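Inspection log for the structure reproduced underneath, given as structure tokens.
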Amino acid sequence: MSRIWSMMILFLKREGFARAEYIRKNRLFGHIGENCYYHPFTIPSESKLISMGDNVVISKGVELITHDMSYALLGHDKELERDIGTGEYPYYKKGIAIGNNVMIGANSLIMPGVSIGNRVIVGGDSSN
């Protein structure tokens, strides 16, 4: 099933527990535990790199980003490479691990390679 189609289905599921269950049943993430709440309507790219434990709340506007787009500039700018010697700059992607009993507040940005332990609250508008 395509990512766009999955996001349309998430939009139709008007409640976060139903969205999380849809993600879990359709294996859209690497792992998603029991009793999770997923408010966003989007499915991150490379979503299989995301793992969530049990009792996780992902609030409105949270972005789970599993890649870094700086390669688009640094990997193709020959003048920049010559000036600062960046060398080869490949596409970068890394997983996100979220433990059990975690709440991620609204509009937070979770970057590639971040691991959030158990029993953690990430305040709204946070960036890691």
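The values are calculated or read from the model by the stated rules, or taken from the named source; none is laboratory data. This structure is a prediction, so every number in the text was calculated from the model and none was measured. Positions of Cβ are backbone-derived with ideal geometry, glycine not excepted, and every protein chain shown enters the neighbour counts.
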Inter-residue pairs, beta-carbon under 9 Å, first free of Cβ contacts under 8 Å to residues at least 12 places away in the same chain and in the range 38-59, second buried (at least 22 other Cβ atoms within 10 Å of the Cβ) and in a strand (DSSP E or B), 6+ apart: none
Residue list for the range 1-27, filter: aliphatic (A, V, I, L, M), surrounded by 19 or more Cβ atoms within 10 Å (Cβ to Cβ) and at pLDDT 90 or above: Ala20, Ile23
Hits in the range 31-49 - residues which are of a type in the set (Val, Ile, Thr) and not in a strand (DSSP E or B): Thr42, Ile43
Pair list, Cβ < 7 Å and 6+ apart or interchain, from the range 14-30 residues that are closer than 19 Å to Glu46 by Cβ and in a loop (DSSP other than H, G, I, E, B) to residues that are modelled with pLDDT of 95 or more and among the aliphatic types (A, V, I, L, M): Phe29/Ile50; Phe29/Met52; Gly30/Leu49; Gly30/Ile50
